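Below is one structure; the comments refer to it alone.
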Amino acid sequence: MSATAQDIARDIAELRARMPRAFGPSPRGRAARVLGWALFAAWLGALLWWFDFSPTRIWNGLSGLFVILRQMIPPSPGEHWDAILKGLAESVAMAFLGSTIAVLVAFPLGFLGANNVVINTLAHFSIRRVFDGFRGMDQLIWALAFVRAVGLGPLAGVMAIAAAETAVLAKLFAEAIENADNRQAEAVTAVGGGRLLGIRFGLLPQVFPVMLAQYLYQIESNTRSASILGVVGAGGIGLQIAERIKVRYWDEVLFIILLILVMVAIIDTLSAMVRRRLIGG
Amino acid sequence: MLSSATLGAEHSYLARRRARRAATLGYGAVMLVLLAISARVAEVYPATLAAGLPRVGEYFHKLLPTLRAEALFAGTQTEGSLAFWFYRLDSWAWLLFETSQIAALATLAGASLAFLLCFPAAANLAPNRAVYLLFRRTLELFRTVPDIVYALILVWAFGVGPLAGIFAIALHTVGALGKLFAEVVENADLRPWDGVRAAGGNWAQAVRYAIVPQVLPNFLSYVLLRFEINVRGATVIGFVGAGGIGQELYAVISFNYYEEIGAIILLIMLTVAAIDLASEQLRGWAAGRGA
């Protein structure tokens with residue numbers, strides 16, 4: 001028994017000497033790994049120190065959070081049912097209007113940004129970079145700017161959604177158009193149709209289902225974001241949440257959050273139904 | 001004279017076209033009614049729109065700096081120079097760095113927790129259906145509340161500052177990444193898993209040696225994608241007092257310091273684009289490792 005164990009140990013030592021890499025990383029690899037983890041730990045430690053992650057602060061925060069959570073239960077609608085329902089309706093309306101405007105504006109822009117429609121490389125590149133740049137701006141920044149421009153209320157929210165999503169949709173539409181089969185448009189041109197007719201009967205039928213699907217998806221995702229735009233005063237249910245958080249009516253806050261979840265679920269279901277009916281699948 | 005077959009085909013083609021036009025008109029009418037209702041609910045009337053649009057144009061025009069070509073590269077004292085426009089570039093750059101670090105730390109924290117929660121939330125690894133449903137529903141709960149709402153609440157608990165923002169973004173990230181991670185795990189090859197289990201490994205060992213090596217590259221690319229989203233999120237959580245460049249942006253927008261608004265927005269756009277580009281490169285590298 002012990003003889004076999006010794007044999008095995010000897011074999012292992014011999015194999016290790018012959019093929020060191022099969023038993024683990026080389027000393028240099030190991031050093032690089034240790035150095036990597038050390039750098040990571042240093043970065044993490046520096047950030048924790050910078051952002052003031054002291055145990056007492058976290059403990060105080062957690063106990064404060066616990067108090068808030070205890071006051072949230074049971075959720076209650078409070079006395080302003082009408083304001084809450086109006087806010088929810090406003091959010092849905094804002095999402096719908098904003099998405100529709102964004103689709104209408106992004107539609108021609110998408111064709112401008114597609115390299116099989118606008119063939120000039122420089123124009124194509126700069127148009128796409130402009131789309132990218134505007135995508136970097138969060139919807140809430142737009143909302144805040146529009147609130148300053150046109151005043152508090154859902155109009156600012158509609159404009160914010162439309163402005164932010166136009167850039168997103170234009171990019172997606174441009175990609176869909178680029179992925180379309182160009183030969184159908186060429187066929188239309190070959191039988192005597194102009195450039196515009198080629199786009200209308202050659203490209204559009206291919207990309208229309210993609211655009212429709214994107215539109216429906218935008219309505220879903222904007223319903224979520226329209227529920228928070230009110231935090232900066234751009235209308236919708238977010239205003240109701242922000243007001244109740246300011247006066248610490250936590251039970252009503254939880255109630256509104258739950259209502260938002262229900263609203264989002266309903267919109268998702270409706271949109272899935274429409275998608276099945278129009279596009280199939 | 002055309003044959004009756006051709007005439008019949010023409011006839012049925014016209015009938016189908018009529019039916020399709022009627023359907024399109026019907027959908028169009030429904031859309032118009034819905035739009036009218038929404039416009040009424042959201043108080044978007046043609047008159048308010050007509051009054052609002054010029055003001056929007058005016059506002060965004062004011063955000064543009066007045067630059068003079070001959071003084072473009074002059075010092076901070078010369079009006080019309082780039083340096084004059086970005087006269088607080090150092091503090092803005094620092095705030096943007098803080099914003100990116102808030103996003104990085106929140107992504108790291110959220111991804112770590114999501115990593116722990118995703119294996120029991122995968123239908124193929126969960127010990128039983130109850131555990132699976134429990135973990136899936138928990139992740140859904142985290143995911144459905146937007147990070148700005150978490151931030152609003154956490155600012156009360158943790159006080160104004162980046163701490164609340166980090167926790168807020170991390171909480172939302174747990175839910176978003178946990179679901180994606182669980183779906184990756186559900187698509188993993190289970191034969192290595194069977195091998196480790198057959199060799200006597202327990203559940204945790206099987207996850208470590210059979211599943212993790214398969215799914216790690218995909219996890220990494222989802223984490224990077226989420227980091228890009230969280231950078232955008234971190235630029236606005238400052239609006240509710242949770243740290244980063246958002247607080248500064250909120251202040252300059254409130255005080256109508258037009259040129260500074262334009263400068264900060266431009267810096268945010270550039271930073272987000274730069275981080276997106278870098279992360280895209282890393283994602284390509286992670287995908288290469290997975291192949």
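Among the residues of segment B:257-266, is any surrounded by 22 or more Cβ atoms within 10 Å (Cβ to Cβ), of a type in the set (D, E, K, R) and either assigned by TED's automatic domain parsing to the domain that holds B:Gly175 or under 24 Å from B:Leu116 (Cα atoms) (or both)?
yes
Would you point out which residue out of B:Ala170, B:Ala206, B:Ala198 is surrounded by fewer than 16 Cβ atoms within 10 Å (Cβ to Cβ), of a type in the set (Gly, Ala, Ser) and in the same structural domain as B:Ile268 (by TED's automatic domain parsing)? Spell out the reasoning first.
Numbers: B:Ala170 fails: surrounded by fewer than 16 Cβ atoms within 10 Å (Cβ to Cβ); B:Ala206 fails: surrounded by fewer than 16 Cβ atoms within 10 Å (Cβ to Cβ).
Answer to the check: B:Ala198.
Output yes when any residue across segment B:108-131 is buried (at least 17 other Cβ atoms within 10 Å of the Cβ), within 9 Å of chain A (Cβ to nearest Cβ) and among the small types (Gly, Ala, Ser), and no when none is.
no
Evaluate segment B:114-133: report whether one residue or more is under 29 Å from A:Ile241 (Cβ atoms), out of contact with any Gly (no Cβ under 9 Å at 6 or more places or on another chain) and touching a residue at least 24 places away in the same chain (Cβ under 8 Å).
no
Rundown of residues vs (1) within 8 Å of another protein chain (Cβ to nearest Cβ); (2) within 30 Å of B:Tyr87 (Cα to Cα); (3) in a helix (DSSP H, G or I); (4) touching a Pro at 6+ places or on another chain (Cβ under 6 Å), yes/no style:
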residue	(1), (2), (3), (4)
B:Arg18	no, no, yes, no
B:Ala39	yes, no, yes, no
B:Val44	yes, no, no, no
B:Thr66	no, yes, no, no
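Would you be able to say whether some residue in segment A:169-182 is within 14 Å of another protein chain (Cβ to nearest Cβ), among the aliphatic types (A, V, I, L, M), in a helix (DSSP H, G or I) and on the phi < 0 side of the Ramachandran plot?
Within segment A:169-182, not a single residue is within 14 Å of another protein chain (Cβ to nearest Cβ), among the aliphatic types (A, V, I, L, M), in a helix (DSSP H, G or I) and on the phi < 0 side of the Ramachandran plot.
Here's a check for you: in segment B:228-241, which residue that is under 22 Å from B:Arg283 (Cα atoms) and buried (at least 24 other Cβ atoms within 10 Å of the Cβ) is nearest to the other protein chains (Cβ to nearest Cβ)? First the steps, then the outcome.
Restricting attention to segment B:228-241, the residues satisfying the condition of being under 22 Å from B:Arg283 (Cα atoms) are B:228-234.
Keeping just the survivors that are buried (at least 24 other Cβ atoms within 10 Å of the Cβ) gives B:230-231, B:233-234.
On the way: B:Asn230: 11, B:Val231: 9, B:Gly233: 7, B:Ala234: 9 Å.
The qualifying residue nearest to the other protein chains (Cβ to nearest Cβ) is B:Gly233.
Out of B:Leu216, B:Leu267, B:Leu249, B:Leu225, I need the residue that is under 21 Å from the mean Cα position of the chain (by Cα), away from every other protein chain (no Cβ under 12 Å) and in a helix (DSSP H, G or I). Which one?
Selected residue: B:Leu225, the only one of B:Leu216, B:Leu267, B:Leu249, B:Leu225 that is under 21 Å from the mean Cα position of the chain (by Cα), away from every other protein chain (no Cβ under 12 Å) and in a helix (DSSP H, G or I).
Working only within segment A:55-83, note down all residues that are within 21 Å of A:Leu259 (Cα to Cα) and surrounded by 13 or more Cβ atoms within 10 Å (Cβ to Cβ).
Scanning segment A:55-83 gives A:Ile68, A:Leu69, A:Gln71, A:Met72, A:Pro75, A:Ser76, A:Pro77, A:Gly78, A:His80, A:Ala83.
B:Ala106 - would you say it is modelled with pLDDT of 90 or more and in a loop (DSSP other than H, G, I, E, B)?
no
The values are calculated or read from the model by the stated rules, or taken from the named source; none is laboratory data. All values derive from a computational prediction rather than experimental measurement. Using ideal geometry, Cβ is built from the backbone for each residue, glycine included, and neighbour counts are taken over all protein chains shown.
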